[in-house]
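Participant: Pasting in a structure now, in structure tokens, and then I'll have a few things to ask.
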Amino acid sequence: MVRPSEPGVASTRACPVCTGATSPVVVRRSAFSGRWFQLARCHECRYLFEVDPRTDYADLYDEAYYAGRGADPNVDYELELTDPRTPRVYEWRGIRKIVSSITDVGPRTRWLDFGCGLGGFVRYLRSQGIEAVGYEQGYAATRLEELGIPAITDLGDAAGSFDVVSGVEMIEHAIDPVGDLRRMACLLRPGGVLFLTTGNAAPHHRRLSTWNYLDPIDVHVGVFEPETLATAILHAGLLPERPGYRSGHTDLIRHKVLKALGARQHRLIDTLVPWPLVSRVVDWRHGVSHHPIGRKPAEPADNRG
């Protein structure tokens with residue numbers, strides 16, 4: 001297999017976020033497919049992305065992928081639907097807490113999880129009395145229907161109807177991140193909140209060849225620094241805000257640590273870990289809380305009822 005060019009030659013692809021000039025910075029080989037992928041960085045916004053990403057989505061995001069046998073062996077969406085001990089519960093609880101500290105969340109809140117996988121987070125939110133639905137495409141959309149998990153299929157019909165839109169570890173999968181952010185922005189009501197989770201590339205820009213978050217490289221096609229994500233959010237028509245570290249980050253980072261350790265279930269020993277302290281240290285090192293949220297501008301006063 002031909003290996004892509006080494007860094008140092010100007011990239012022929014403009015930045016997907018700001019259309020700026022880019023240069024190759026690193027090549028990575030996929031342990032899943034054996035393919036080599038060249039990553040380039042934008043000179044302006046510092047977006048790091050694959051120059052020639054895979055687009056065979058039906059093969060990438062098939063039944064095996066959602067059962068933990070595909071490009072990303074660290075996820076098993078089928079298992080988390082039935083296993084009450086899945087560490088994903090910490091992620092879901094943490095996100096709910098963080099968003100609730102940013103905007104009012106209650107029984108009348110309409111929440112869309114964009115790129116919801118098989119709907120585990122949707123089910124969790126509904127168990128908390130929140131009116132949540134998901135959105136997916138391809139195999140996942142069919143499986144959501146089989147599972148009876150509430151989901152929308154036409155984004156146009158849902159324009160301007162949600163108070164919160166979340167994108168949990170999905171924007172790094174997007175070949176056109178600004179396009180996806182615009183679709184999410186259109187779904188928000190004025191004043192609504194877009195909340196994303198994704199890796200922070202800023203602390204790792206000097207060691208990209210060993211940064212684990214770039215794997216699975218077949219599906220992680222672009223990563224952001226906080227300022228890069230703020231730029232993308234602005235291009236999507238939203239106002240970036242930086243809420244910083246919130247109490248929910250303890251649970252969110254707890255999940256990330258357990259996932260990095262390969263834990264498929266939480267165990268009694270996990271309760272002995274001082275997670276508030278550990279999460280602060282991890283956040284200091286990896287900047288989990290540094291990424292911005294997006295907020296839909298409020299309607300002008302003369303347009304309100």
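Participant: Which residue out of 235, 266 is over 16 Å from the mean Cα position of the chain (by Cα), open to solvent by 20 Å² or more (accessible area, probe 1.4 Å) and either β-branched (Val, Ile, Thr) or under 21 Å from residue 170 (Cα atoms) (or both)?
Facilitator: From the options 235, 266, the qualifying one is 235.
Participant: Pairs needed: first member in the range 276-289, among the aliphatic types (A, V, I, L, M); second member anywhere, outside any helix (DSSP H, G or I) and open to solvent by less than 80 Å² (accessible area, probe 1.4 Å); C-beta distance under 9 Å; at least 6 residues apart or different chains.
Facilitator: Going by the 9 Å Cβ cut-off, the qualifying pairs are 288/197; 288/199; 288/200; 288/245.
Participant: Can you name every residue in the range 182-213 that is charged (D, E, K, R) and either out of contact with any Lys or Arg (no Cβ under 7 Å at 6 or more places or on another chain) or not in a strand (DSSP E or B) (or both)?
Facilitator: Of everything in the range 182-213, those that are charged (D, E, K, R) and either out of contact with any Lys or Arg (no Cβ under 7 Å at 6 or more places or on another chain) or not in a strand (DSSP E or B) (or both) turn out to be 182, 183, 206, 207.
Participant: Moving to a separate point now. Are any residues in the range 270-300 at pLDDT 95 or above and either at positive phi or of a type in the set (Val, Ile, Thr) (or both), and if so, which ones?
Facilitator: 278, 281, 282, 287, 288, 293
Participant: How about the range 33-71: which of its residues are acidic (Asp, Glu), under 18 Å from residue 174 (Cβ atoms) and in a loop (DSSP other than H, G, I, E, B)?
Facilitator: 52, 56
Participant: Then there's this: So, residue 243, is that one surrounded by fewer than 18 Cβ atoms within 10 Å (Cβ to Cβ), modelled with pLDDT of 95 or more and within 23 Å of residue 30 (Cα to Cα) or not?
Facilitator: No.
Participant: Find the helices (runs of 4 or more DSSP H) located wholly in the range 72-127 whose residues include 3 or more that are touching an Asp or Glu at 6+ places or on another chain (Cβ under 9 Å) and in contact (Cβ under 8 Å) with a residue 24 or more places away in the chain, and list them. Don't jump to the end; show me each part of the working.
Facilitator: Working: elements: 77-82, 88-102, 120-127.
Passing ranges, in order: 88-102, 120-127.
Participant: Residue 162 - would you say it is touching a residue at least 40 places away in the same chain (Cβ under 8 Å) and open to solvent by 10 Å² or more (accessible area, probe 1.4 Å)? Before you say what the answer is, go through the steps one by one.
Facilitator: On the way: touching a residue at least 40 places away in the same chain (Cβ under 8 Å): yes; open to solvent by 10 Å² or more (accessible area, probe 1.4 Å): no.
When the stated conditions are applied, residue 162 does not pass them.
Participant: Filter the range 235-284 down to the residues that are under 27 Å from residue 47 (Cα atoms), hydrophobic (A, V, I, L, M, F, W, C) and not in a helix (DSSP H, G or I) and list them by number.
Facilitator: If the condition is that a residue be under 27 Å from residue 47 (Cα atoms), hydrophobic (A, V, I, L, M, F, W, C) and not in a helix (DSSP H, G or I), then 236, 238, 239 are the ones that fit.
Participant: Please verify whether the range 175-187 includes one or more residues that are more than 17 Å from residue 112 (Cα to Cα) and open to solvent by 50 Å² or more (accessible area, probe 1.4 Å).
Facilitator: Taking every residue of the range 175-187 in turn, at least one turns out to be more than 17 Å from residue 112 (Cα to Cα) and open to solvent by 50 Å² or more (accessible area, probe 1.4 Å).
Participant: Using beta carbons and a limit of 8 Å, which pairs, at least six apart or on different chains, have the first residue in the range 241-260 and polar (S, T, N, Q) and the second one open to solvent by 30 Å² or more (accessible area, probe 1.4 Å)?
Facilitator: Sorted first by the residue in the range 241-260, then by its partner, the pairs are 247/97; 247/101; 250/276.
Participant: Identify all residues within the range 113-147 that are open to solvent by 30 Å² or more (accessible area, probe 1.4 Å) and of a type in the set (D, E, K, R); write none if there are none.
Facilitator: 123, 126, 131, 136, 143, 145, 146
The values are calculated or read from the model by the stated rules, or taken from the named source; none is laboratory data. Bear in mind that the values here come from a model prediction, so they are computed numbers and not experimental data. Positions of Cβ are generated from backbone atoms using ideal geometry, with glycine treated the same way; all protein chains shown enter the neighbour counts. Quick note on the areas: whole protein, heavy atoms, side chains included, nothing else; ligands and nucleic acids left out. Shrake-Rupley method; radii C 1.70, N 1.55, O 1.52, S 1.80 Å.
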